[in-house]
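Participant: Structure in structure tokens, see below.
Taken together, the values in this text are just the output of simple stated rules run on the coordinates, not laboratory data. What you are looking at is a predicted structure, and each value in this text was computed from that prediction instead of being measured. For neighbour counting, all protein chains shown are included, and Cβ atoms are generated from backbone atoms with ideal geometry for every residue, glycine included.
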Amino acid sequence: MKRKYDTQGPESLREAEVTRPLNRPRARKGGLSMLPTVSLDVLFEIFGFLKPLDLLSLARTSKPFRGLLMSKSNAFIWRASRALVPNLPDCPADLCEPQYARLAFDPHCHNCGDVGHNVIWQFRVRYCGPCLKGWTNMVAASSKPVITLLCPNNAELLPTYTFRDPRLRRTEMIQTSQYHALGLQLKGLSRAEQALVIEEAKKAVCAVREHSEACQAWVSVTNMARSDELHKIREERKQVIQEWLEAEGWKPEIDYHTWWKISRHPTINNPRRLTARIWSRVRPILTEYMSELRTIRMEETVYNPRRRILVQAWNDFLSQPASFPNTDVDVLPHVADAALFKPFDDIIKTPTEVVIERDSFLPAFVALPSLARNWRRQVDQQLAAIIMAGYPKDYVPAGDIRQLATSVFVCNACEQLLFWTDAVAHTCTFELNPKRSCRGGPGNIPLETKVAGITHYSLGSTPWSPKFRSSTALATRVIRSCGQWQDPLTVTIAQMDSMGAPFCCLICHPDGKAVMHWRKGLEHNHIHHNQDDTHWNSQYRNWRLPTKYRCLLCRRSVADGRLLRGMNCHIEEQHGISIFYVQEGVHYVKEIDSFLDPVTLLVESAFTPPTNWLSPYIGLSY
């Protein structure tokens with residue numbers, strides 16, 4: 001049967017037809033069991049073409065091969081195999097040929113058996129990373145590995161090393177190991193004979209040191225040659241893939257993202273030669289990767305400038321008079337939400353050759369009333385789910401849940417206490433975290449997350465998202481301080497406002513001179529007497545959020561608050577009113593104006609509520 005490889009790709013990867021048998025015969029198990037019985041001359045001829053690592057693997061396959069290759073009389077087989085490795089030093093005198101082959105070529109740790117590439121030639125050991133840290137140390141001055149075990153016959157090497165075990169001292173180890181063994185040899189000899197023995201020991205140490213240095217030089221040369229070879233293969237692969245990508249029309253992506261960045265992809269920066277089989281597997285991955293880069297390029301170069309034009313058009317729209325006919329929405333969405341509305345998104349995603357200006361978004365603004373109502377309906381559903389989580393499961397709110405006095409939220413970011421409308425317009429609902437902005441680049445980040453990060457970066461914010469928790473329990477405690485006059489499950493904000501009687505905190509002001517509105521009392525209890533967040537209370541007393549204001553001459557939208565200085569400049573620049581004529585309550589109001597400041601009574605006999613009206617678990621009384 002003739003089988004053709006996929007011929008779509010670079011010219012260098014196209015191969016001719018390959019003829020393969022229809023059914024491959026299954027390999028028989030134990031096919032090499034009779035190989036040791038073959039004539040030794042034939043075996044030795046075969047072994048002469050094997051590398052030392054191949055001989056090690058063969059010796060571990062069966063007992064006959066092990067007995068044949070591990071015999072001292074057959075050491076010439078290992079020497080012939082070692083001769084095939086260029087520039088490899090000869091086998092040292094303290095090792096046999098199989099031991100030397102294992103030390104130089106077997107990539108397994110001598111301690112744990114895992115893969116390890118750290119060879120300490122002086123001590124004839126190979127370690128993996130964890131074992132190297134556990135059994136050796138590094139001398140800062142010479143950056144040489146230091147072994148923790150004692151190494152006999154290497155007395156002169158010890159003074160250059162330190163040991164991890166603090167209970168042992170260098171002099172004791174020298175005396176109890178090397179010199180002890182050497183002393184046994186010197187016992188009973190004359191001075192001349194002892195000098196000869198010591199000289200032979202020094203020569204042995206020098207031989208070990210010279211051989212280790214030669215092995216280290218051989219490793220360096222081998223690694224450098226291998227590194228150069230892999231670098232050459234990698235560069236050839238990159239060149240072939242780059243030519244194919246440019247031929248397929250991905251040149252704009254290469255120019256925008258740079259080839260240096262694209263070539264870091266694992267399928268491109270791979271030191272394996274491209275074959276037809278590998279190319280058939282790599283090509284779909286590259287196509288998907290380049291499609292992702294194209295999407296990112298379009299977002300950053302085409303759609304982001306259009307979103308910035310939308311931001312300018314949106315600010316112009318908000319600076320118009322605050323009347324908004326044909327809708328009941330009291331807070332408009334943020335521009336980050338408006339950019340996701342289909343009429344606006346369709347204009348942003350128009351073809352590249354279409355020129356987009358501010359007036360291009362006018363048809364989308366016509367449909368904004370219905371879009372804003374749908375957006376507000378979704379926002380109210382999310383806020384209602386948060387409030388309902390604070391009630392019993394079988395509770396059914398009486399009337400509009402948005403108007404209940406217990407529909408109170410606490411922001412998880414700034415810990416502000418908010419009512420319904422203030423929660424919709426709160427600043428923290430759209431704030432962008434720069435550390436989480438995902439902008440392009442290869443990686444494991446999904447494409448949708450990258451595109452969302454690019455969009456949020458261009459708009460300077462994220463779409464509206466609820467970052468609140470319910471404070472229904474706190475509001476219920478404050479309302480119950482009124483005694484039996486109001487039911488916390490049914491009383492509305494308007495009913496609580498219509499009472500007109502002041503609240504006072506008997507814990508902070510036992511004399512009853514400081515009175516406050518019930519809304520301010522709710523905030524006071526949250527800041528000073530809420531035991532659920534003691535850590536925040538201590539911080540909140542020392543640091544208060546800056547007061548922000550919103551313009552009454554503009555349409556109100558999410559997070560349109562400004563500081564007082566910025567508000568004066570806004571009114572003067574956008575509405576032409578001199579800063580000397582700007583008045584609070586006429587041109588601007590506080591952004592969060594639900595909580596009034598406390599009032600101190602000036603009369604001598606201040607109002608002191610009866611003690612039986614004070615609930616023991618709250619700090620407020622009516």
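Participant: Beyond 14 Å, how much of the Cα-Cα pair distribution for the range 547-592 remains, as a whole percent?
Facilitator: Details: 384 of 1035 pairs.
So the portion of pairs separated by more than 14 Å is 37 percent.
Participant: Determine the shape class of the range 298-468: with a ≥ b ≥ c the square roots of the Cα gyration tensor eigenvalues, call it rounded for a/c under 1.5, and otherwise prolate if a/b is greater than b/c, oblate otherwise.
Facilitator: oblate
Participant: Greater than 28 Å separation of Cα atoms is the criterion. Which listed pairs, Lys349/Lys548; Lys261/Lys450; Lys393/Lys548, meet it?
Facilitator: Lys349/Lys548; Lys393/Lys548
Participant: A further question follows. What does the charge dipole of the range 547-592 about its Cα centre add up to, to the nearest 20 debye, if the Cβ of each Lys and Arg holds +1 and the Cβ of each Asp and Glu holds -1?
Facilitator: Computed charge dipole of the range 547-592: roughly 180 debye.
Participant: Which FRET efficiency value, to the nearest 0.05, do you get for Asp345 and Glu45 by plugging their Cβ-Cβ distance into 1/(1 + (r/R0)^6) with R0 = 60 Å?
Facilitator: Numbers: r = 75 Å, r/R0 = 1.26.
Taking R0 as 60 Å, the efficiency between Asp345 and Glu45 is 0.20.
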